[in-house]
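Engineer: Got a structure here, written out as structure tokens. Questions coming.
Nothing in this text is a laboratory measurement; each read-out follows from the coordinates by a stated rule. Because the structure is predicted, anything quoted here is derived from the model rather than measured. Cβ sites come from the backbone with ideal geometry, for glycine too, and all protein chains shown count toward neighbours.
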Amino acid sequence: MPKVFIAGLFHETHTFLEKSTGLDDFEIRTGDSLFECRGDSSPMGGALEFFAERAYEIVPGPDYRAVPSGTVKTEVIDQFWADFSESWNPEVDGIFLVLHGAMVSENILDVEGKLLRRIRELPGATELPIYGVYDLHANFSQAMATHADCLVGYRENPHSDAREASVRAAALMNDQFRNGSDRPVMAYRGTDLVWAPTATGTADDPMRSLEKMARQLEGEHFESILAISVNAGFAFADTPNTRVSFTAVTRAPEEATALEALVTLANELNPDPPVFDLPVDEVMSEIVANPIEGVTILTEPSDNIGAGAPGDTTGLLRALIEYDVENSAVSICDPDSVSILKDCDVSEKRTLVIGGKGSQFDEGPVKIEVELISKSDGHFELVDKNSHLASMSGDAFEMGPCAVVQHRGITILLTSERVPPFDLGQWTSQEIDPAKLSVIVVKAAVAHRQGYDPIMARTFAVDTPGPCRSDMSQFEFVNRRITSTAES
């Protein structure tokens, strides 16, 4: 059976954040530790299991993953490449990569494109098939398309199909080895469109119609096109490739003109005016004036942890306090407050200065008296193994030491690590039943919906200060390239 080299590099980079991302922020596996992921809910776990079931010989490369955050330090790229080069085996039959597609370092604006170019220069790698999987929010580049044979993107946002997409890419690689068919190539088309994350859910347009057309085009060109991916892009990255784009994996490059139909449709569906969120006072007045049965979800896209935000902005925390919203809850990343409570007993009261430390766009900390309800180590098993959180962490997540406190009727979950709010296990692990709350603040844009929609009675996307606002006018792009013609 074939011998495949497998590696992963996964990070969504928000280049407008002040804090950079270093080696300590990454979960790193090298050597045989990579096999610990086999069979878990991550894209890496899916690929490893697929190849293992077919008795492939797997040569493990490095796997680096981090929660979305600021620009990646050069040391991370240097160390990853050193680990990659050390584990490289030129005797393999192919390479499989688990990527994100929107990674930016201090000196590389297109990390994945640069990585693929470097791989092609390794001894024995020039003519090897390179397959892999990447995130729907990739800022895909021409370099990625040029230096890879088959990269398959997720199709769903929330990303419930990350593992499935990885298995789909692995299956295409297996088909090539089994049938001895010609190697595919990648075609790429870019646009001038940049969409905030709130506009990229696949249950709604424009993404819903684009994904539908992509599947139709695959069906019409099934003999030549193996996969079409709709790349929503990641708006909070200042790179030449920050935009909506489309890729096709094909054995007949001339058929890739089908992507032009997607470019045309994307321009027709471009939200005009752009997506904006609702004013705080308007939403809070509605909640207070018209209470309902069930859970009201207040999303805070400006502090979208899944897009790299610090998870500690205070806009909606202030609103809960000002409007005295009882039976409500919010999670704030604040390791300093958790540390202060370390030696406190349950029911003890403390005055804390909460949040407001992670972004220049926020209003700053909130000083309040709280009562300690509980403490924990912050470990939780995912309730939904298909959530986007699984694509980052597998079957479990570590919030770091945590404390649950209350201020009047507001429950505040204080964590030591940023936790993308994609799984209800975050709450149930703290003995909090989210379905019994009246209001929950969720620091996300779209990716939370798979977890929270089943318990939600109504929802509002609220505009607060923060680094991931849907109104992107606060950001000055320097590197983003605009072209009136599709790239080839």
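Engineer: Under a point spin-label approximation (7 Å from Cα along Cα-to-Cβ), what is the ASP471-ALA171 distance to one decimal in nm?
Structural biologist: Computed distance between label sites ASP471 and ALA171 equals 4.5 nm.
Engineer: Another question, if that's okay. Taking only the alpha-carbon atoms of segment 125-214, what semi-axes of the equivalent ellipsoid follow from 5 times the gyration tensor eigenvalues under a square root, in whole Å, largest first?
Structural biologist: So the equivalent ellipsoid measures 26, 16, 11 Å along its semi-axes.
Engineer: Using Cβ contacts closer than 10 Å as the measure, can you line up ILE432, ILE354 from fewest to most?
Structural biologist: Going from sparsest to densest Cβ surroundings: ILE432, ILE354.
Engineer: Within segment 10-151, what percent of beta bridges assigned by DSSP are antiparallel, to the nearest 5? Before the final figure, lay out each step's value.
Structural biologist: Numbers: 3 of 13 bridges.
Of all bridge pairs located within segment 10-151, approximately 25 percent are antiparallel.
Engineer: Using the basic label-point model (7 angstrom from Cα toward the beta carbon), what is the GLU106 to VAL353 distance in nanometres?
Structural biologist: Distance between the two pseudo-spin positions: 2.9 nm.
Engineer: For the chain, build the convex hull from the C-alpha positions and give me its volume per residue in Å³.
Structural biologist: With only Cα atoms used, the chain gives 135 Å³ per residue.
Engineer: Which FRET efficiency value, to the nearest 0.05, do you get for ARG458 and ILE28 by plugging their Cβ-Cβ distance into 1/(1 + (r/R0)^6) with R0 = 45 Å?
Structural biologist: On the way: r = 42 Å, r/R0 = 0.93.
Efficiency computed from Cβ-Cβ geometry: 0.60.
Engineer: Once amide H atoms are placed 1.01 Å from N in the peptide plane, what residues at a sequence separation of 5 or more from LEU278, or on another chain, have their amide H within under 5 Å of its amide H?
Structural biologist: When sequence neighbours closer than 5 places are left aside, the close amide H contacts are ALA461, VAL462, ASP463.
Engineer: In debye to the nearest 20, how big a dipole does segment 125-172 give about its Cα centre with +1 on each Lys and Arg Cβ and -1 on each Asp and Glu Cβ?
Structural biologist: Computed about the Cα centre, the dipole is about 60 debye.
Engineer: Starting from the Cα gyration tensor of segment 395-440, take the square roots of the eigenvalues, sort them a ≥ b ≥ c, and report rounded, prolate or oblate (rounded when a/c is under 1.5, otherwise prolate if a/b is larger than b/c, else oblate).
Structural biologist: oblate
Engineer: Between ALA289 and ASP336, what is the label-to-label distance in nm when each label sits 7 Å out along the Cα-to-Cβ direction?
Structural biologist: It works out to 3.8 nm between the two label points.
Engineer: With a ≥ b ≥ c the root eigenvalues of the C-alpha gyration tensor of segment 3-269, is it rounded (a/c under 1.5), prolate (a/b larger than b/c) or oblate?
Structural biologist: Details: a/c = 1.63, a/b = 1.12, b/c = 1.45.
Judged from the Cα gyration tensor, segment 3-269 comes out oblate (a/c at least 1.5, b/c at or above a/b).
Engineer: By how many nm would the segment from SER224 to ASN267 grow when fully extended, if each residue of separation counts as 0.36 nm and the alpha-carbon distance is taken off? The partial results should precede the final answer.
Structural biologist: Numbers: separation 43, 0.36 × 43 = 15.48 nm, distance 2.59 nm.
Full extension from SER224 to ASN267 adds 12.9 nm.
Engineer: With +1 on each Lys and Arg Cβ and -1 on each Asp and Glu Cβ, how big is the dipole of the chain about its Cα centre, in debye rounded to the nearest 20?
Structural biologist: So the dipole magnitude of the chain works out to roughly 500 debye.
Engineer: How big is segment 187-267 in terms of Cα radius of gyration and Dmax, in angstroms?
Structural biologist: For segment 187-267, the Cα-based Rg and Dmax read 12.5, 38 Å.
Engineer: May I pose another question? Sort the following peptides by mean Cβ neighbour count (other Cβ atoms within 10 Å, averaged over residues), highest first: 19-28, 1-10, 181-190.
Structural biologist: 1-10, 181-190, 19-28
Engineer: Past 23 Å, Cα to Cα: identify those pairs from LYS357/LYS443; LYS342/LYS367; LYS367/LYS436; LYS114/LYS212; LYS349/LYS443, in the order given.
Structural biologist: LYS367/LYS436; LYS114/LYS212; LYS349/LYS443
Engineer: At R0 = 25 Å, how high is the FRET efficiency between GLN360 and ILE482 if r is their beta carbon distance? Nearest 0.05 is fine.
Structural biologist: 0.40
Engineer: Using the Karplus curve 6.51 cos²θ - 1.76 cosθ + 1.60 with θ = phi - 60°, what ³J(HN,Hα) values do you get for each residue of segment 388-397, in whole Hz, with x for Gly and Pro?
Structural biologist: Listing the rounded values in order: 4, 4, 5, 5, 8, 10, x, 9, 9, 9 Hz.
Engineer: Would you mind checking which residues have amide H under 5 Å from LEU193's amide H? H placed 1.01 Å from N; only 5 or more apart, or other chain.
Structural biologist: VAL244
Engineer: Which FRET efficiency value, to the nearest 0.05, do you get for THR428 and ASP204 by plugging their Cβ-Cβ distance into 1/(1 + (r/R0)^6) with R0 = 41 Å?
Structural biologist: My answer for the efficiency is 0.90.
Engineer: With θ set to phi - 60° and the Karplus curve 6.51 cos²θ - 1.76 cosθ + 1.60, what are the ³J(HN,Hα) couplings of segment 31-47 in order, to the nearest whole Hz, using x for Gly and Pro?
Structural biologist: Running phi through 6.51 cos²θ - 1.76 cosθ + 1.60 with θ = phi - 60° gives x, 5, 5, 4, 5, 5, 7, 4, x, 7, 8, 7, x, 5, x, x, 5 Hz.
Engineer: Give, as a single signed number, the net charge of other residues whose beta carbon lies under 14 Å from the beta carbon of LEU382, with Lys and Arg counted +1 and Asp and Glu -1.
Structural biologist: Result for the local shell: -4.
Engineer: Another question, if that's okay. Return one number: the angle in degrees, 0 to 90 and rounded to the nearest 10, between the long axis of the Cα atoms of helix 162-179 and the longest principal axis of the Cα atoms of the chain.
Structural biologist: The angle comes out near 10 degrees.
Engineer: When the helices in the chain are scored as -39500 (n - 2.57) per DSSP H run of 4 or longer and the sum is shared across all residues, what 222 nm value do you end up with, to the nearest 500 deg cm²/dmol?
Structural biologist: Using -39500 (n - 2.57) per qualifying helix, the result is -7000 deg cm²/dmol.
Engineer: Give, as a single signed number, the net charge of other residues whose beta carbon lies under 15 Å from the beta carbon of ARG118, with Lys and Arg counted +1 and Asp and Glu -1.
Structural biologist: That sum, taken over residues with Cβ under 15 Å, equals -3.
Engineer: How big is the dipole moment of segment 278-472 about its Cα centre under a simple scheme where the beta carbon of each Lys and Arg is +1, that of each Asp and Glu is -1, and everything else is neutral? Debye, nearest 20, please.
Structural biologist: Magnitude of the dipole: close to 120 debye.
Engineer: For q values of 0.09, 0.11, 0.15 Å⁻¹, compute log₁₀ I(q)/I(0) with the Debye formula on a Cα-only model of segment 1-135, without solvent.
Structural biologist: Evaluating at q = 0.09, 0.11, 0.15 Å⁻¹ gives log10 I(q)/I(0) of -0.25, -0.37, -0.69.
Engineer: A follow-up question, please. 5 Å is the cut-off here: which amide hydrogens, built 1.01 Å from N in the peptide plane, fall below it relative to LEU382, excluding neighbours closer than 5 in sequence?
Structural biologist: Amide H neighbours of LEU382: ALA396, PHE397.
Engineer: DSSP beta bridges in segment 278-472, what fraction antiparallel, as a percent rounded to 5?
Structural biologist: 50
Engineer: Something else about it: Please list, in order along segment 359-366, the HN-Hα scalar couplings obtained from phi with the Karplus expression 6.51 cos²θ - 1.76 cosθ + 1.60 (θ = phi - 60°), rounded to whole Hz, x for Gly and Pro.
Structural biologist: Result, ordered by residue: 8, 5, 7, 7, 7, x, x, 10 Hz.
Engineer: Here's a follow-up. Taking only the alpha-carbon atoms of segment 278-472, what semi-axes of the equivalent ellipsoid follow from 5 times the gyration tensor eigenvalues under a square root, in whole Å, largest first?
Structural biologist: Result for segment 278-472: semi-axes of 21, 20, 17 Å.
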